[in-house]
Amino acid sequence: MSKKRILILGAGYGGILTAKRLGNKLDKDSQVEITLIDKNPFHTMRTELHEVACGRVEEDSIRIDLKKVFAKRKVDVVLDEIKDIDFNKQVLKSDKNIYTYDYLVIGAGSQPTFFGIKGAKEHTFPLWNYEDAVKLKEHILHMFRKAVKETDKVKRKKMLTFVVVGGGFTGVEMMGELGEWKDRLCEDFYLDNEEVKLCLVDASPRIIPTYPEHLMKKAVERLHKLGVEVITGAGITEVSEDYVILGDKGRIGANTVVWAAGVEGGNILEKMELEQKGRKRIVVNDKLQTTDCENVYVVGDNIFYIVEGEERPVPQMVENAKFSAKLVTENICRDLKGEKKKSYKPSFHGSLLCIGSRYGLAHLGLPGKFFAVQGFLAMFMKHAVNLLYFLSVAGFNKCWTYLLDEFVHINDNRSIVGGTFARLSPNFWLVPLRIYIGALWLQHGLQNMIMGEIAVGICLILGLFTAVSAIASIGMSVVLSNSAIGSMGYIAASIALLSGAGRTLGLDYYVLPIFKKVWKKIGIVKKHYLYVD
Ligand SMILES: Cc1cc2nc3c(=O)[nH]c(=O)nc-3n(C[C@H](O)[C@H](O)[C@H](O)COP(=O)(O)OP(=O)(O)OC[C@H]3O[C@@H](n4cnc5c(N)ncnc54)[C@H](O)[C@@H]3O)c2cc1C
């Protein structure tokens, strides 16, 4: 009997999870071959693209190497771009290769759609894939670099005006992130914050249409706080290199227009002779098989399927990709065994939205029982959801690097816990030592009623003015060199505390930035540069 070949097109959320599940389930089945084909050698965490576009995380942090994911597993990863599919002959064609299949899983995802608006495709920056995010980040930096040297006021204003079209999740997340990043950019490029203009534009009367009114208002409030102007009811009619026309709502001069206004099926969908609806989505039955070929299944964004009792097709979101991957795996395995297939009955749990690195909104629950979460808790949930996803795709290693990327390798305190664990405060490990030395001085001071020792002890325990307290601790140890507390060990420990040991789990984290800000404003300090930036 010849081997059954299962081909999975696209290593997005739907494709990668299907491949992992099939690989696990059919691991011991020597009669089955599984191949995952993608035009990129990596899986992209699309939900975090805005973080790369706005310099919060390193570019590499949103990519997962497919070869690593499937190392020593029953899935062959092939790097290739499929250009055509012949469903009669059961083959996929690229420029150089032909791949035959017995079962095909289509998970080729979406791409931005421009609705034929004049200039939109040519002059806007989409935010859909890894390259888009990197390109957008470089463009934003380029605009700031250029603007700082531009003396023509009109030109400078256009360089510093950033318009995001589309008030859905992608647009709001992008604007939230840019609102946060602009402060750092202004500082680095010697610009006044007031010069930067951020506009979020949507044709609908409100943003985030899937969220209830009160959550939408919270999002708008937060965006305003970050300096973003929200313009609704403004359908874009034209975009050019340096302006965007908002229908009858006027025009904004801007060299940067980000397009987050909607998606359609990727290019390959156009070549597929399969029944399609709703911006190039493939019509499937309740088993997630295409209506034209029963050995062709669809996962993720490419699915057009309306669940019984619902009015709209399943959402183009990660949860749909996950659920469909699970069902398609199950149904292919059942088909191989000649068993009855299962129906797709997803129950979606809502969505999470982050506006910058420190504030999130969530609308979660089960049909009919949704609740809202906001602020820190929503962001915490978003990280937890991501960690669970990484655990299922790339295991502990990716979870660890995600934590490092989101909490340690960050600048400007851009995380839900601020800079507590940031690379620039690598003093986490000094906390026990700081508290121990502080406790010793406090005990010694109380026993001998020496106020200086008590003060140093309390400051070290609280992590307040730690560097000054550590210097005092060194000095006092030298003075008391005849006693136990004056030993070389205590001096060495106090020296170690000099490197900002109070910034982690200490009051210095809060007090020093305020202190520095006030200090820098003092005339004599300014004149003699008595500050450190
Ligand atoms: C900025 C942004 C933020 C988002 N935020 C959220 C969020 O917070 N929550 C949420 O639930 N959803 C979010 N989404 C939507 C979510 O990312 C998609 O629903 C999800 O990616 C769909 O998964 P998929 O597997 O269908 O396709 P994709 O993840 O798009 O993957 C498709 C894969 O197919 C490959 N491919 C395509 N064509 C070919 C070809 N011809 N040959 C070879 N390979 C090909 C691509 O390289 C890609 O790897 C966001 C999307 C974006 C862009």
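The values are calculated or read from the model by the stated rules, or taken from the named source; none is laboratory data. Owing to the predicted nature of the structure, the values given are computational and were not obtained by experimental measurement. Every residue, glycine among them, receives a Cβ derived from its backbone with ideal geometry; neighbour counts consider all protein chains shown.
Couple of notes before you dig in:
- Test: residue in region 400-408 that is closer than 27 Å to Pro346 by Cα and surrounded by 13 or more Cβ atoms within 10 Å (Cβ to Cβ): no
- Screening region 144-165 for residues that are hydrophobic (A, V, I, L, M, F, W, C) and crowded, with 22+ Cβ neighbours inside 10 Å and picking the one that is farthest from Trp181 (Cα to Cα) gives Val165.
- All told, Val258 falls short of being surrounded by 18 or more Cβ atoms within 10 Å (Cβ to Cβ) and either modelled with pLDDT under 95 or more than 21 Å from Glu138 (Cα to Cα) (or both).
- When region 25-64 is filtered for residues that are more than 16 Å from the ligand (Cβ to nearest atom) and either within 28 Å of the chain's Cα centre (by Cα) or on the phi > 0 side of the Ramachandran plot (or both), the ones remaining, listed by number, are Glu58, Asp60.
- Single match in Leu79, Leu104, Leu92 (criterion: surrounded by 17 or more Cβ atoms within 10 Å (Cβ to Cβ), modelled with pLDDT of 95 or more, of a type in the set (A, V, I, L, M, F, W, C) and within 11 Å of the ligand (Cβ to nearest atom)): Leu92
- Meets criteria (part of a loop (DSSP other than H, G, I, E, B) and surrounded by fewer than 20 Cβ atoms within 10 Å (Cβ to Cβ)) for Asn413: yes
- Of all the listed residues (Asp86, Asp132), the sole one being surrounded by 17 or more Cβ atoms within 10 Å (Cβ to Cβ), acidic (Asp, Glu) and within 30 Å of Val283 (Cβ to Cβ) is Asp132.
One line per residue, one yes/no per condition, for (1) out of contact with any Leu (no Cβ under 6 Å at 6 or more places or on another chain); (2) more than 16 Å from the ligand (Cβ to nearest atom):
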{"position": "Val134", "(1), (2)": "yes, no"}
{"position": "Phe144", "(1), (2)": "no, yes"}
{"position": "Val164", "(1), (2)": "no, no"}
{"position": "Glu195", "(1), (2)": "no, yes"}
{"position": "Tyr211", "(1), (2)": "yes, no"}
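- Matching residues, region 465-498, being in a helix (DSSP H, G or I) and among the aromatic types (Phe, Trp, Tyr): Tyr490
- Selected residue [within 21 Å of the chain's Cα centre (by Cα), buried (at least 20 other Cβ atoms within 10 Å of the Cβ) and without any contact (Cβ under 8 Å) to a residue 60 or more places away in the chain] from Met317, Met379: Met379
- Residue within region 388-410 that is out of contact with any Ser or Thr (no Cβ under 8 Å at 6 or more places or on another chain), within 30 Å of Ile491 (Cα to Cα) and aliphatic (A, V, I, L, M) present: yes
- Of the helices (runs of 4 or more DSSP H) lying entirely inside region 50-167, those containing at least 3 residues that are of a type in the set (A, V, I, L, M) and closer than 30 Å to Leu391 by Cβ span 130-147.
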